[in-house]
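Please read the structure below before turning to the comments.
The values are calculated or read from the model by the stated rules, or taken from the named source; none is laboratory data. Note that this is a predicted model, so its numbers are computed, not measured. Here the Cβ positions follow ideal geometry from the backbone for every residue, glycine too, while neighbour counts run over all protein chains shown.
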Amino acid sequence: MTHARSRGERTWWLRWATAWGAIFAAAAGAPAIAAGGSVNEIAARSGLVVVLGDDAFELAATFSDVGARHVCLLVSPEKAATFREKAYREGYAGKIWVVESSGEELPFVDQSIDLLVVTERMPPREEIERALVPGGVWWDRTENGLHGKAWPSSIDGWSHYRHGADGNPVSADDLVAPPRFMQWVGGPEYTRSHEHIPSVFSVVGDAGRIFYIVDDGPIGFLRQRPSWKVVARNAFNGAFLWERSVSEWFPHIVNWGETPKQLQRKLVAVSEAVYVAPGLFAALQKLDAATGDHVMTYEGTEGAEEIVCDAGALFLVVREPTSARLHEWQRWQDLVARDESPVFDRDTALPLVQQLKKTEASAPVRLVAVDARSGKMLWQRDSNEVGNVRPLTLMVSGRRVFYQSGAKVFALDRITGRTLWAGDAPTLRQVVDGNVVCAGGRTIRLLDAETGAKIWEAESLLTSIKDTFVIGDALWIGGFKPAPGKRSPAWGPYFVTKRDLKTGKVLLHIEPENPGHHHRCYDNVATANYILGGRRGTEFIDLAQGEVLWNSWVRGVCKYGVMPANGLLYAPPHACACYIATRTIGFNALASRAARKEYSPVPDAERLIRGPAFDPQRHVQTPDLHTTWPTHRHDRQRSGATPATVGAELQVLWEKRVGDSPTPLTVADGRVFVASKTENRMTALNLENGDEDWTLSTGAAVDSPPTIYGDLAVFGCRDGYVQAVQTGDGAQVWRFLAAPVDRRVLAFEKLESATPVSGAVLDLGGQTAFVCGRNTYLDGGLQLYRLDTATGRMLGRTTICTLDPETDRQLPQYAPSAMPGEREDVLVADDEFMYLRDSSYTHEGVEAEDDRPHLLTLTGFLDDTWPHRSYWIYGDKISIACGCSGRVKGLIYARIMSIDDTTVYGYGRRDVHWSNQLVDGPYRLFARRKDAAEPHWEKFVPIHVRAMVKAGDLLFVAGPSAKALQSFVPPKSLDPVLMVFSARDSDLKATYPLPAPPVFDGMAAVPGRLLLSLENGTVLCLSGK
């Protein structure tokens, strides 16, 4: 595969040079871009384009117009604000990112820029090479020169589910090692269910792209029908390239353990081609890897379920789409669409699942070989000849095709399909360099690929063999021994044995510790240097030293696992609850220290930038919490409650559009403050009439509203800065770089710092506190800052890193599902302590022991995806409800809460199943005194509460129809409403229709006013009496 990729990269370079030459001609005034398909090709290949120059905005706009996914304009610091406003006015907000740069350093992580265009201030050649992706291009307009970066020999692709056609899941990548840096992160944040089939299948990659099949349906509502797609991303910066719909797929409400293994082999990527069977019964298709365009469909391959590509030929396992299969699939569609269905419960679903599997297994299976280029069928063997092919055993090596049916391993001539030999053997694992590896039970057998003769046989030191890897001249065996007192051997340690490939002699045996719980539900993979075990997360088993390097905070998706390729570790999203407050979220690409150039942090003296409105004599005012809503969720306790009275009789005072994806709100100084996360825009509206007082563009998204201190609005930004502006006119007072160094990544299709800051900073009375970073294992950990609010001067910084400073290793776990570490979140505080979830710090930033109850979350105050197994807690510690941990007795938990001095008001389920959300209890609204064991009132409401505020004696809740969201096919109108209840006894006072559902937690109240941030991009102000 390495050679095929290299040939593909050489042709890629030639096409890039030709196509980008056409672009530059157009930008310089040529009458047209390029003819034919070159524009589409450019748009598909350009994940991140960077243009350096103060006079290059029009060039950047040209790149955006022709379809470049992300364009970044690097300008001198004094020009940044001007060009951000220009991008907003001309419709390029969120398309052209304007970042300040001296030109000496490129503010991007290593290997992330596809095209760099320099119109002035040429960076050093070494810096350009560092920032460009392999195969990337830079254009020096000062000398009219086009240059390319070579593809390094130290990295490898991963074209098949098990790396290549030979079934050996071993990458030749030398840079994949324990992850320490974020490369990029994309969606979805989580898979849709822990109980049911995974949402991500068949991650593969080649020629600088990765591909996978994903269910893009709503994370929080499993009842809604799935939305399966083939997705392509840039492998190095994560930019979304294209997607194509997948038709019929395996029913999504089936227990994960029943997931057919062969679904992982319906996608292969080789150089410039993607081969996919986009559906359970679909024929094999060839797509253009760069654009996703359909190239051809291979006739006679309907029902292709396993694909292997080798040397220009495709070898397939085809399961006939019989009428029985089609009928059974339709029956399941009807079952999952019902309001009440036996498939929702594991026990009642079991006989139905068994019938589904029986119907699938009864369909005839063929082996088919076709020419990849022409589509001509080379040969096929029907079910009478091949029997029932064992899943994942089709593989190709040299002149032979191999597979297993029952106990027999078969070798076929790849040209004719004629059987060359057959013989009984344990499970066929891989065929490498003339060696056929078979291992199962306690038997290991090596066969000669030419003749089928036994080379050697040995009894395994393991009770259960899980994995085999051929690495160099050794065969590595991974698996388990008996685990007394455990449910199965998989609940014991994952052992590894090294044997001489020629003789079978044991050379090394590794016996790691047992961290508890069980091995992940996927097979493991390897590189030339490490076996990547899935015991608790991603354990790097050092093959040279025999040591196990634990990384429990990052793991792969159920039934697939992780992918080591392109010098990176790719970890798809999952639904596991272990380490839920620490682990990675989303589809992550992570880099090791070996793959990154070391950098020096920005000196502290250079972090603070004073703006035109800076006043060293400025006095910071303490907000009046009775008349304002000055910070996210009203106060430093994040209570979501105010003593202010609004009234139950409401009428619309005004509605104002503020941009797509608005944040929640803050209200103070006679203004309403809100940001657009899509348009990178902060806006202040007049509280009385909704008029825009001012608006400004930010360097990246602001994910939550600013905190107001009198005439100052202070907010963090995803670009790694915190800034203060005047509330009256938006003029900048100061700006502070919190990120250790200015390095940008793509995160959920937005350009932001590798170590970002959330918008909602914490008011500590003249001081501003916040967290910078993603989690305590990446990019140096989290930084807890304290700044002087008036001047921006740094008062203190606490580094929170849970890697051993001497060994760079993960610290010991607390329990099977708990470990040291934190992930970024909005800070909470009381009069003595700050809280990052259940970690306590004094107001001076010193770690402390404290057991005071406070509001905390499992997945973050700003997480609006509604994942199962996540909730908010009023308490002093993280408590989860999953298979390895019981919930704290008497825990006060909900999906969203408001809290006053005596009572917690919440919306959530009384009963939460540890795994299956379809058997959870119903949602209800409740009130529970902090010292009580049970709620003193509960009420079922017809809406799915997305926003809640307690104001005075009233509880306001808003959201769309709960029934609509739980429908298999939701109606176009979700009928959102606002409901007003008595906080004392839950008496319903009023109901009002809303023009759109509120954004999550998007409601605020001040005397006589209730304000909502809505999903349609508007702010709605209601007047009460």
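So the values come out like this:
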| quantity | calculated |
| --- | --- |
| Boolean, TYR893 is assigned by TED's automatic domain parsing to the domain that holds HIS944, out of contact with any Pro (no Cβ under 9 Å at 6 or more places or on another chain), without any contact (Cβ under 8 Å) to a residue 60 or more places away in the chain and within 20 Å of HIS194 (Cβ to Cβ) | yes |
| Boolean, LEU665 is touching an Asp or Glu at 6+ places or on another chain (Cβ under 8 Å), among the aliphatic types (A, V, I, L, M) and at pLDDT 95 or above | no |
| Tally, over the stretch 814-840, of residues that are assigned to a strand (DSSP E or B), over 15 Å from ALA577 (Cβ atoms) and in contact (Cβ under 8 Å) with a residue 60 or more places away in the chain | 4 |
| Candidate set from the stretch 698-713 (those that are more than 17 Å from SER758 (Cα to Cα) and in contact with a strand residue (DSSP E or B) (Cβ under 7 Å, 6 or more places away or on another chain)); member that is surrounded by the most Cβ atoms within 10 Å (Cβ to Cβ) | TYR709 |
| Subset of the stretch 666-686 [in a loop (DSSP other than H, G, I, E, B), closer than 14 Å to THR1018 by Cα and touching a Gly at 6+ places or on another chain (Cβ under 7 Å)] | THR678, GLU679 |
| Checking LEU116 against (1) over 28 Å from the mean Cα position of the chain (by Cα); (2) not in a helix (DSSP H, G or I), the condition it does not meet | (1) |
| Number of the exception - ARG718 against (1) closer than 21 Å to PRO107 by Cα; (2) charged (D, E, K, R); (3) not in a loop (DSSP other than H, G, I, E, B) | (3) |
| Elements of type helices (runs of 4 or more DSSP H) in the stretch 1-110, at least 2 residues being at pLDDT below 70 and out of contact with any Ser or Thr (no Cβ under 7 Å at 6 or more places or on another chain) | 2-27, 38-45 |
| Pairs where the first residue, in the stretch 758-772, is among the hydroxyl-bearing types (Ser, Thr, Tyr) and the second is part of a loop (DSSP other than H, G, I, E, B), C-beta under 7 Å, 6+ apart | SER758/ASP703; SER758/SER704; SER758/GLU824; SER758/VAL826; SER758/LEU862; THR768/VAL761; THR768/THR789 |
| Unmet criterion (only one of (1) touching a residue at least 40 places away in the same chain (Cβ under 8 Å); (2) under 30 Å from LYS481 (Cβ atoms); (3) among the small types (Gly, Ala, Ser)) for GLY423 | (1) |
| Pick from the stretch 480-520, criterion at positive phi and of a type in the set (Gly, Ala, Ser), ranking: surrounded by the fewest Cβ atoms within 10 Å (Cβ to Cβ) | GLY485 |
| Residues satisfying the stated conditions in the stretch 456-473, i.e. closer than 20 Å to LEU507 by Cβ and either assigned to a loop (DSSP other than H, G, I, E, B) or without any contact (Cβ under 8 Å) to a residue 40 or more places away in the chain (or both) | GLU459, SER460, LEU461, LEU462, ILE465, THR468, GLY472, ASP473 |
| Selection status of ALA490, touching a helix residue (DSSP H, G or I) at 6+ places or on another chain (Cβ under 7 Å) and either modelled with pLDDT under 95 or within 18 Å of LEU446 (Cβ to Cβ) (or both) | no |
| Flag if THR695 is surrounded by fewer than 21 Cβ atoms within 10 Å (Cβ to Cβ), part of a strand (DSSP E or B) and at negative phi | yes |
| Test set (1) without any contact (Cβ under 8 Å) to a residue 12 or more places away in the chain; (2) closer than 30 Å to THR468 by Cβ - ARG399 fails condition number | (1) |
| Pick from the stretch 613-643, criterion of a type in the set (A, V, I, L, M) and surrounded by fewer than 23 Cβ atoms within 10 Å (Cβ to Cβ), ranking: nearest to the chain's Cα centre (by Cα) | LEU625 |
| Some residue of the stretch 343-363 being more than 20 Å from ALA277 (Cα to Cα), touching a residue at least 60 places away in the same chain (Cβ under 8 Å) and in a loop (DSSP other than H, G, I, E, B) | yes |
| Checking ARG852 against (1) of a type outside the set (Ser, Thr, Tyr); (2) at pLDDT below 95; (3) out of contact with any Phe, Trp or Tyr (no Cβ under 8 Å at 6 or more places or on another chain), the condition it does not meet | (3) |
| The stretch 252-289 - residue that is among the polar types (S, T, N, Q), outside any loop (DSSP other than H, G, I, E, B) and under 23 Å from the mean Cα position of the chain (by Cα) and, of those, modelled with the lowest pLDDT | ASN255 |
| Members of the stretch 425-465 that are closer than 19 Å to HIS519 by Cα and surrounded by 21 or more Cβ atoms within 10 Å (Cβ to Cβ) | LEU462, ILE465 |
| Residue list for the stretch 782-823, filter: of a type in the set (Ser, Thr, Tyr) and farther than 23 Å from ALA739 by Cβ | THR807, TYR814, SER817 |
| Filter pass, LEU394 being over 22 Å from TRP256 (Cβ atoms), under 32 Å from the mean Cα position of the chain (by Cα) and not aromatic (Phe, Trp, Tyr) | yes |
| Scope the stretch 939-973; condition in contact with a helix residue (DSSP H, G or I) (Cβ under 7 Å, 6 or more places away or on another chain) and either closer than 28 Å to ALA644 by Cβ or modelled with pLDDT of 95 or more (or both); matching residues | PRO942, ILE943, HIS944 |
| Test: residue in the stretch 583-597 that is surrounded by 14 or more Cβ atoms within 10 Å (Cβ to Cβ) and among the hydroxyl-bearing types (Ser, Thr, Tyr) | yes |
| The stretch 106-134, subset touching a residue at least 40 places away in the same chain (Cβ under 8 Å) and out of contact with any strand residue (DSSP E or B) (no Cβ under 8 Å at 6 or more places or on another chain), residue surrounded by the most Cβ atoms within 10 Å (Cβ to Cβ) | ARG130 |
| Residue within the stretch 380-392 that is assigned by TED's automatic domain parsing to the domain that holds PHE250, part of a loop (DSSP other than H, G, I, E, B), buried (at least 20 other Cβ atoms within 10 Å of the Cβ) and at pLDDT 95 or above present | yes |
| Those residues of the stretch 302-336 which are polar (S, T, N, Q) and touching a Gly at 6+ places or on another chain (Cβ under 9 Å), in sequence order | THR322 |
